[in-house]
Amino acid sequence: MSIARTPTLPLVVALLLLGGCPRNPATGSRQLSLVSEEQEIELGQQAAAQVEQQVGLYSDPAVQKYVSAVGKELAARSERPKLPWSFRVLDDPSPNAFALPGGQIFITRGLMTYLVSEAELAAVLGHEIGHVTAKHSVDMISRTQLAELAFGVGTVLEPGLAKFGGLAGGGLQLLFLKFSRDDENQADVLGLRYLGRSGYAAQGMPNLLATLGRQSALEPKGRLPTWLSTHPSEADRVERTQELIRKEGVDPAAGKVEREGYLARIDGMAFGEDPRNGYFTGQTFVQPQLRISVEVPQGWKAQNLAATMAALSPDQDAAFELQVAGQVTLEQAAQQFAASGVQTSQARGATVNGLPALVMEFTASTDSGELQGSATFIRQAERTFALFTYAGAERLARYADVFSQTVASFRPVSDPALLEVQPARVKIARVAQPTTLEQFNAARPSSVDLQRLAVLNQVEPQTQLVPGAAIKRVVGGTAARGG
Ligand SMILES: [Zn+2]
């Protein structure tokens, strides 16, 4: 959850109310008659706005500008140079990249920290450009999927509150299309083509794939980054892309690599979760920039997204969300909520831990049935916060106590130990004398283990490092764990 968001509805309710896409007036069903290029662009832009809101952009204009420039250069040499291409870096620690229809391409800062050259960055972007130029996102997916994509609702459109689990599982996944293996292979081929046309070393592609393979092996099972779980295995792709490069008769090392330049660009980039966007310590969710905390009920699964912190009951039949309503008064926040398409009761005054508050009950009729709950608006410092607690109408009574305890746990935070948190960061260091990575790390330890450091640098722990070589370290980070 970050500072500058202006949500008005619980995220899930908003998505359910929005529905998939405009109803066809003739049939009353939600469908698209045809996907023209205009529609493709529009759908992509809508979905991209959703991604930006749910995940948040990495707040470093220089990095954004850099990635955009590399991407646009590649796209200008593609078969669809006139699309309104957009390349953005998401503030997400998991290594991921994806393309939305119409040329909307995203890469996470998490993926960027694992790359060691501009050629690899170009390989990622080239692959994603390939999905767009080959119109995979338009041709392959069904109309329904496209509709879901447009609004980022994913499985939420299916009946049953249990499907909220999909949402709590993370915004990104919902927006990610599962392309077929053939599509992935084609995107690799196209990516290589754009790399070549822009003068980058083809080796960027197999290097990138090999690194992602090593990176995924470090992660606990079941926590595979999306980019990997939806793509064919890296080992296959490494081989296949090398085969392709051989067949083309291209020298894989010839062309721009831009290792030093790339590493300079990511020097200082946040690594892993950024606790400044909110973190969990035990059952407590702390948002240090907003200086507030709230207790998540025992056993609930909580997810900290850009626009909201959402928690889901173990039976997936009740939810709790915390949002910033912004610099509006309690009354304004309540009015906005009442005008947002849900049925609301009269607001009544209350206090939460001594803070002024307004409480409203609400009912939302959605495709998934009737949702009922309450919205509590709380004033703290210059901001109004919104806490939503809700469940299927018939389940509401079961959660009355849990809901009231959760709302009552909202409080201001002033403890510096909780407020002064920083993410770990990638720092670029120079090797002074001949040494292995292991020796280098023993002398100047990173805050990640040696295995991960080796993957980050695309070497082995025993690899001899050349004096003068730029090496990534990971430094800092606080004990607080990000959500
Ligand atoms: Zn792909």
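Here the relative contact order of segment 320-396, from alpha carbon pairs under 8 Å that lie six or more residues apart, stands at 34 percent. Based on Cα contacts under 8 Å between residues 6+ apart, segment 424-476 shows a relative contact order of 59 percent. The fraction of all Cα pairs in segment 275-416 landing in successive 5 Å bins from 0 to the largest distance is 2, 10, 20, 24, 22, 15, 6, 1, 0, given as whole percents. Cross-link partners among aspartates and glutamates for K256, C-alpha distance below 14 Å, same-chain residues fewer than 8 apart left out? Partners found: E73, E118, E120. Computed from the C-beta positions of S180 and A49 and an R0 of 25 Å, the FRET efficiency is 0.40 to the nearest 0.05.
Here are some pairs, K72/K301; K65/K427; K135/K301; K135/K247; K247/K472; which of them have Cα atoms lying more than 29 Å apart in this structure? Where the Cα-Cα span goes over 29 Å, the pairs concerned are K72/K301; K135/K301; K247/K472. Put simply, the Cα atoms of segment 246-290 extend 57, 24, 13 Å along their principal axes, the longest span coming first.
The T436 and A62 beta-carbon pair, evaluated with R₀ = 41 Å, returns a calculated FRET efficiency of approximately 0.80.
Here the contact order of segment 387-483, divided by its residue count and restricted to Cα pairs under 8 Å and six or more residues apart, works out to 34 percent. Ordered by the number of other Cβ atoms lying within 10 Å of each residue's own Cβ, fewest first, K82, K427 fall into the sequence K82, K427. A Förster radius of 35 Å combined with the Cβ-Cβ distance from E420 to K72 puts the calculated FRET efficiency at roughly 0.35.
Ratio of Rg to Rh for segment 55-117: 0.97 [Cα atoms; Kirkwood radius as inverse mean 1/r over pairs].
Rg/Rh for segment 380-423 (Cα atoms only, Rh after Kirkwood) is 1.14. The share of C-alpha pairs in segment 424-476 whose separation exceeds 19 Å stands at 10 percent. Positive contributions from Lys and Arg (+1) and negative ones from Asp and Glu (-1), summed over other residues with Cβ under 14 Å from the Cβ of A443, come out at +2. Sorting V466, V124 by the number of Cβ atoms found within 10 Å of their own Cβ, with the fewest placed first, yields V466, V124. The packing ranking of peptides 454-464, 104-114, 194-204, 372-382, highest mean first, is 104-114, 194-204, 372-382, 454-464, where packing means the average number of other beta carbon atoms within 10 angstrom of each residue. So, counting K/R as plus one and D/E as minus one, what does the shell of residues with Cβ under 11 Å around R473 add up to? Charge balance near R473 sits at +4.
All of the numbers you see were taken from the coordinates with simple rules; none came from a lab. No experiment lies behind these values; they were computed from the predicted model shown. Cβ sites come from the backbone with ideal geometry, for glycine too, and all protein chains shown count toward neighbours.
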